[in-house]
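The values are calculated or read from the model by the stated rules, or taken from the named source; none is laboratory data. Small disclaimer: the values here were computed from a predicted structure and weren't measured. With ideal geometry, Cβ positions are generated from the backbone for all residues, glycine too; neighbour counts draw on all protein chains shown.
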């Protein structure tokens, strides 16, 4: 079990490999379909400072935050997966969600020194790991706003790192994603 | 039926909460069996974590999954039963109350027309504003009325589809296509091990309703030869729990074959269900 305390250092990312079990404690960002493309736009327009956030070494959990709790949403939804390269370039080190990523996304993680980890959608357990929460940006998106959470020992497994992906290992037997299809 | 409207609503609200927070015995048994068969340690960890989540959810009455789903209602009305005035309004009120108490995810989209599509009008903060899908009604013998609440999460909606299959007068052709769809769907789903629900009908609506009916009636411990054949074929993919690889990609298949029309085409509907499906509970009036 490898302990992660964000912000995550580059050296720690270099040492991680697929199937490593992680427990994450400290501040993490939480966002999904609505918030992540808006965050990417803020970065592109050089306006991240308006949020007071620093993405260097950050962990972003692909989840809604609502009274029903937290739990990973499918990271391969178009708006989420498309945000991964730009946010990795901006310094995000761990993207946390669920579902397989396209090979080009796995390659872009590698290029920017970031990894993808997955966690089971076990909301009753995951929600009990939250120590504090606040809206960090886009409050008008409701449960899809960008949140800053303080978590204690959130469990995860590394699913893509350094160009390798657990999803490729099933490769030959898995149907390959169709070109350009992002569901 | 002699129940008052508030009594009906209270029972329906309870069913919503139970559906969202509880694994049924057949579901637990399927997981326990999968843990025993799974050789990969990380896959076993996922299965054990899902069981632990179910234990905590049931004990604390917390949602199994934060995507608390869209309520789908299945009403079975006995031939000799009489529904009191206001029955459907009471059911709607019960669903609303159940979602508020749960609490369900406040995910109802506000606004009209395109605004409701592009989500620019924002979301309702009220979990009770998540309206149920149209009620399906069936008749059964006897005096009883049974309402089943199913909560359908969003991930499987992305991975499911309803489409025609040219069968070439061979059941195996249709089965092979169903397995292909299922493998494609679960490979991208993430929330595994899942459960597959299939309906085969004459129209898109009929096939989709049959798939939901299969979820309403399905039992993990009672599997037909056809259902087992589909489960085995999909598990050969080795996608495994959470997509980490392993033998438990789907735990079961629930299949309903409805009436068919003379034609070279069958309409097949798939819901590639997640690791909590089917979240359901029934109330008998």
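What to note about this one:
- Selection count where residues are in a loop (DSSP other than H, G, I, E, B), buried (at least 19 other Cβ atoms within 10 Å of the Cβ) and either free of Cβ contacts under 8 Å to residues at least 24 places away in the same chain or more than 14 Å from chain A (Cβ to nearest Cβ) (or both), scope region B:67-106: 0
- Among the candidates B:236, B:177, B:227, the residue that is within 14 Å of chain A (Cβ to nearest Cβ), touching a strand residue (DSSP E or B) at 6+ places or on another chain (Cβ under 6 Å), surrounded by fewer than 23 Cβ atoms within 10 Å (Cβ to Cβ) and modelled with pLDDT of 95 or more is uniquely B:177.
- Screening the candidates B:211, B:248, B:262 for the property of being crowded, with 24+ Cβ neighbours inside 10 Å and over 26 Å from residue B:35 (Cβ atoms) yields one hit, B:211.
So that you can scan it fast, the table gives a plain yes or no per residue for (1) free of Cβ contacts under 8 Å to residues at least 24 places away in the same chain; (2) within 14 Å of chain A (Cβ to nearest Cβ); (3) farther than 26 Å from residue B:169 by Cβ:
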| position | (1), (2), (3) |
| --- | --- |
| B:202 | no, no, no |
| B:216 | no, no, yes |
| B:267 | no, no, no |
| B:277 | no, yes, yes |
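- Considering region A:32-97, the qualifying helices (runs of 4 or more DSSP H), each wholly inside and each with 1 or more residues that are in contact (Cβ under 8 Å) with a residue 40 or more places away in the chain and away from chain B (no Cβ under 12 Å), run over A:35-44, A:83-89.
- Residue that is nearest to residue B:125 (Cα to Cα), among those in region A:37-64 that are touching a helix residue (DSSP H, G or I) at 6+ places or on another chain (Cβ under 6 Å) and crowded, with 24+ Cβ neighbours inside 10 Å: A:64
- When B:212, B:234 are checked against the criterion of being under 27 Å from residue A:102 (Cα atoms) and assigned to a helix (DSSP H, G or I), B:234 stands alone in meeting it.
- Test: residue in region B:125-141 that is within 11 Å of chain A (Cβ to nearest Cβ), surrounded by fewer than 18 Cβ atoms within 10 Å (Cβ to Cβ) and either touching a residue at least 12 places away in the same chain (Cβ under 8 Å) or within 30 Å of residue B:1 (Cα to Cα) (or both): yes
- Residue A:48 in contact with a strand residue (DSSP E or B) (Cβ under 7 Å, 6 or more places away or on another chain) and at pLDDT 95 or above: no
- Residues in region B:24-66 that are in a loop (DSSP other than H, G, I, E, B), within 11 Å of chain A (Cβ to nearest Cβ) and either within 22 Å of residue B:283 (Cβ to Cβ) or in contact with a helix residue (DSSP H, G or I) (Cβ under 6 Å, 6 or more places away or on another chain) (or both): 6 in all.
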